[in-house]
1. Under 8 Å for C-alpha pairs, at least 6 residues apart: give me the relative contact order for segment A:362-431, rounded to a whole percent.
2. At a 1.4 Å probe, which residues in segment B:1-22 are at least 50 Å² less accessible with all protein chains present than in their chain isolated?
3. Largest first, how would A:Leu76, A:Leu482 line up by accessible area (1.4 Å probe)?
4. Could you give each residue of segment B:73-80 its phi-based ³J(HN,Hα) in whole Hz, using Karplus coefficients 6.51, -1.76, 1.60 with θ = phi - 60°, and x for Gly or Pro?
5. Just to check I understand the Karplus step: with θ = phi - 60° and J = 6.51 cos²θ - 1.76 cosθ + 1.60, what whole-Hz values come out for segment A:240-256, glycine and proline as x?
6. If you count only protein heavy atoms and use a 1.4 Å probe, how large is the accessible surface of A:Arg234, to the nearest 10 Å²?
7. Where in segment A:213-311 are there GluC sites (Glu not before Pro) that are in a DSSP coil and have at most 11 other Cβ atoms within 10 angstrom of their Cβ?
8. Heavy-atom accessible surface, probe 1.4 Å, ligands and DNA/RNA ignored: which residues of segment A:286-304 lose at least 40 Å² versus the isolated chain?
Amino acid sequence: MDLTNKTVFRYSISLRIITAFSILIIFFTVFILFVFNGLVKEAHIKVALDEMRDKTHFVENYLIAKYNTLDPDKKLLLEEIKQMAGITGLRVSFIAKDGKVIADSDVNTPQSMDNHKYRVEVMQAEKEGSGHSMRYSHTLETDMFYYAQNYDNYILRMAKPLPEMRASLIRIRQIMIYLGAIILLLSIIIVLFIVASITRPINETINFASQFASGDYTKRISNYSNSEIGMIQRSLNNMADQLVEKINSLVFEQNKLNITIESIADGITVINKEKKIVIVNKAFYKCIDVTRIKVSGLLFFEVIRNRTLNLRIEQSLAQAKPSHFEEELINGRTYDVSINPISEERTLQGVLVVLRDVTEKKKIEKIKTDLVSNMSHELKTPVTIIKGYLETIALNLNNTEQCSGYIRKAIENADRQTSIINDIIKLNMIETSNDFANEKIIIDDLIEGCVNILGQKAQLRDIQLNKKLEAMGEGVVGNKFLAEEIFFNLIDNAINYNLPGGEVNIESSISNNNQLTVKINDTGIGIPKESIDRIFERFYRVDKGRSRESGGTGLGLSIVKHAATLLGWKITVRSDSKGSSFRVIIYL
Amino acid sequence: MITHLEHEIENIKRKVFTMTDAAIEAINDSIDALMTLDDKLAAKVIQGDTRIDKLEIQIDDDCVRTLVTQQPAASDLRLILSFLKINTDLERIADIAANIAKEAIRLEGRPRVTTTGDIPAMAATCVNMIKTAFEAMTTRDVSMAAEIISVDREVDELNIQLYRELFAMMGDNPQIMPQALGLIMVAKSLERIGDHAKNIAERVIYYIEGVDIRKENKDHSDNK
C-alpha cells in the first residue's frame, strides 16, 4: 500500500515541476526563435536593401550616362535591360505607372505579364518614392527580394533571390531547437535531482511513520535534512519518543495490574455481558480445575463445571444483582463465592466473580463445633454415672457392701471428672499464659521421673517399659513444667493404648545437626490413617468406646502439642497396625 | 452481530452445559452418599434425575426445532447432531448416578468394605473424562478428545480389578456379601459412565472433523 503511494507521490511532484519547466523552456525557445528570426530577416533585408539601392543608383547613373535621360523609350529599355541585369546580377523590370510591365530582364514579352500595380513594393514606391518586399517565389522555389524606385514615368523594380536568408533562418531554428532540447534535458535532470533530494527525506519520513504505525517503536529518522522537512522529522522523532514513553508507562501499569491480579490467591474472573470470560487469574484456573486450555474469550458455562455457580452467574448477569454463597467446586474444595455486577453509566458491563478458598476455615469451624459437643459430652458422662450410682445407693442404703462398691465407683468417676477439669485448666493455662520461665532442664532426669510415676500403672497392665537414653551432660534450655507434660502424656498414652503384654520403648539420640530426638514407641493398637491428622484435637477420640475404657481424658495430646509449640519443639507421629511411634525433636 | 442461528446454538449449548454440570454433580453426590452412607444426599440425587430428564426433552426439542427452522450447515449442523447424541449420553449418566445413589440407600448403613481399588478415584476419573470432552469441544482440540478414549480403557481395567478383589473377599468372608455385591454394581456403573464419556468424546471428534471415529475403528478391526 505504502509503496504505490510513494511512487505516485514522487511522480506527481516531479511531473508537475517538469511540466512547468518544459512549458517555460519551450515558450522561451519559441520566443527567442521569433526574435532571432526577425533580427536575421531584418539584417538580411537591410543588406539586400542597401545593395538594391546602390544598384538602382547604378542603373540610374548608367541610363543618364548613356542616354542623358532617365526616361529612354521602350525599345531602348528592352534592349538595355538585359545588359543592366547582367551587370548588376539582378532581375530588373520597368513598370509603367498603370502597372503594366514595360520591360523585364527575365521575360522577353512583357505584354503577357500580369499587371503589377498592386504589388506591395510598387504600391509603396508610388506612395513613398521607394518600396521593398519579400515574397516566396513558387516558380524559383526561393525567397525573392523586391525593390522598387519611383521615377517620373515608370517604376524601376529589382528582384533578387535570397536563399541565404532561409538557409540561415533554418540553421538558427535548428540551433534553437537543439539548444532548447539540451536545456530541457538538463533542466529535467536538475528537476529530477531536486525532486529526489526533496522526496528522499519525505520518503524516509513516510517509511518511519509506517514502520512506527506497524509497531516497530525502536525506529527513528537518522539523518535530518536541512529543510522544513528536517523540522518535521525532528518533531516526528520527538513525538515518537514521547509516544514510546507513554506506551511504556501504560504497559508498565498494565503489567502492574496483571501481576497484582495474578498474585492474588483468590480466584478472580470478569465475565462480560456477552457471557465471555475477559479477565482471569491463575488461581481461578485452579478453582475450576482447568489445566490444559485457555479460558479467556470462552463462554463461562463452557469452562465452569458447577451448576450452582453457573446458575448464579447467569442470574447476576440478567438482573445485575450481587450474589454471595458458599459452594464446593469441582476441585473438591469449598469456596466463598461473591459475584458483583460491574456497571458503567448505569448499564451492566459484566460481573466480577471472586472465589475465596474457605476449606480450612470450614474445617476449623467443624473442629470448634465438635469441641463443644465433645466437651459437654465428656463432662456430662461422669456426672450421669455418679448420679446413677447415688440413686442406687439411696434406694439400697441397707446393703452396705453393695453401697461401698457403688461409692467407690462414684469416687472413680468424680476423679475422672476432676482430671478432665484439671486437664482443661492446664491446657487453657498453656494456651493463654506466656510467662513460662526459661530454665536448664535435663531431659534424662525428666523422663526418668515420668517413668517412675507411671511404672506402677504399667506393671498393673503387664506392660514393659524399656528406656535407652543417651547421656546428656548439660541440660537444654526450656521449661520444666511444659517438658514434663509432654513426656508424661506421651508415655501415659503409650501405656494406655497398648495391649496387655506389650512394651513401650523410650530412646533418645543426638544427631549431628544439633538436635536431640526422643522416640517413644509402643506395640499397641495403632492409629487409623484417616485419624492421624486429628489426634491432636481436643477430645478427639479415634474409637469412642475404647479410649474411655483406657482412662484418657481426651486432652493429653492437645496439651503435648501446645507445650511443644511453646518450647519450639517438634512432634511427629508414625503409626501402623503394629503400634505408634511419637518423636519429640528438640533443637539444642 | 449475532445471527438467529448463533443465538439458538448458544441457547442449546447453555442447556447442554447445564445438563453436564447436573450430571457431574449427580456422580459426585452419589459417590459421596455412598462413601458417607448419607441417605438424604442419595435421595437428592434420585430426585434430581427427573429434572435432568426434563432438560433432555427440552434440548431434544430445541435441537430439532433449530434443525428444521434454521437449516444449519457444515460445523453448525454437526454440532447440533452431536448435541442430540451427547444429550442422550448425559441423561444415561444421570440415570446411572441415580442407581448408585439407590445402592447407597440399599446398604442401610452397613460398614463399608475397604478395597485397594478406589471407587472415589474411579468416579473422579469419569468426571474428568466428561469435563475434558467438553473442554475439547470448546477448544476444538481433537487430540484432547482422542485421549479420553484411551482413558476409558483405564476405567475398564479398574472395574475388572475391583471385581476380582471383591469376589475373592466374598469367598473369604461371606458376611460382607451384600456390601461387596453393591460395590461390584457401583464399579460396573462407573465403568458404564466411562463408556458414555467415551461416546461424548467420539461425538466431539465428529463435530470437529466430521469423521465418525467408530467407523474408522471398525475398519481397523476388520483389517485384523
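1. Details: 28 pairs, mean separation 23.8, N = 70.
Relative contact order for segment A:362-431 comes out at 34 percent.
2. B:Glu10, B:Arg14, B:Phe17, B:Asp21
3. Numbers: A:Leu76 55, A:Leu482 5 Å².
Largest accessible area first, the residues go A:Leu76, A:Leu482.
4. Computed from phi, the couplings for segment B:73-80 are 10, 6, 5, 4, 4, 5, 4, 5 Hz.
5. 4, 4, 5, 4, 4, 4, 4, 4, 4, 5, 5, 4, 4, 4, 4, 4, 4
6. Rounded to the nearest 10, that gives 120 Å².
7. Values: sites: A:Glu228, A:Glu245, A:Glu253, A:Glu262, A:Glu274, A:Glu302; in loops: A:Glu274.
Here the sparse-neighbourhood loop sites are A:Glu274.
8. A:Arg292, A:Ile293, A:Phe301, A:Glu302
The values are calculated or read from the model by the stated rules, or taken from the named source; none is laboratory data. These figures come from a predicted structure and were not determined experimentally. When we count neighbours, we look across all protein chains shown, and the Cβ atoms used for this are built from the backbone with ideal geometry, even at glycine. When the accessible area is computed, the model is the full protein with side chains, heavy atoms only, and any ligands, DNA or RNA have been set aside. Shrake-Rupley method; radii C 1.70, N 1.55, O 1.52, S 1.80 Å.
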